[in-house]
Amino acid sequence: MNKTVRTKVIKIGNSRWVRIPHTMLEEAGLTDKVEMKVDGDKLIIHATHLPRHGWENLFAVMANQGDDRLLDEPLSTQWDEEEWTW
């Protein structure tokens with residue numbers, strides 16, 4: 001799409017609102033939650049990204065490559081041997 005749309009900043013209480021056309025929301029992938037930041041004279045709004053998004057697939061690739069093993073052998077402690085029940 002990549003088009004420019006002019007709109008008004010509307011005052012509601014102490015806040016200001018901007019209407020974003022549905023087609024622009026869809027194109028940008030904006031849903032319920034967004035992140036905003038100011039860069040100079042620009043207000044940048046972008047979709048939030050889940051911090052662990054895609055990890056499941058990456059871990060599956062690691063397992064397939066055998067790269068998911070522990071680096072060090074686990075060490076038993078006295079507590080493990082005397083107190084812990086499996």
Open item on the list: Can you tell me which of (1) surrounded by 10 or more Cβ atoms within 10 Å (Cβ to Cβ); (2) modelled with pLDDT of 90 or more; (3) not hydroxyl-bearing (Ser, Thr, Tyr) is the one GLN65 doesn't meet?
Closed with: (1)
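I'd like the full set of residues that are more than 19 Å from THR7 (Cα to Cα) and hydrophobic (A, V, I, L, M, F, W, C), limited to the range 18-40. Explain how you work it out, then say what you get.
Our first condition is that a residue be more than 19 Å from THR7 (Cα to Cα); within the range 18-40, this holds for 29, 31-35, 37, 39-40.
Matches in the range 18-40: VAL34 only.
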TODO: Run down ASP80, ASP68 and say which single residue is of a type outside the set (S, T, N, Q), over 21 Å from the mean Cα position of the chain (by Cα) and assigned to a loop (DSSP other than H, G, I, E, B).
DONE: ASP68
- [ ] Select from the range 12-57 the residues that are among the charged types (D, E, K, R) and either surrounded by 12 or more Cβ atoms within 10 Å (Cβ to Cβ) or part of a strand (DSSP E or B) (or both) and list them in ascending order.
- [x] ARG16, GLU27, GLU35, LYS37, ASP39, LYS42
TODO: Only residues that are of a type outside the set (Val, Ile, Thr) and over 19 Å from ARG6 (Cα atoms): list them for the range 41-55, please.
DONE: ALA47, HIS49, LEU50, PRO51, ARG52, HIS53, GLY54, TRP55
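The values are calculated or read from the model by the stated rules, or taken from the named source; none is laboratory data. Computed from a prediction, not measured in an experiment: that's the story for all the values here. Positions of Cβ are backbone-derived with ideal geometry, glycine not excepted, and every protein chain shown enters the neighbour counts.
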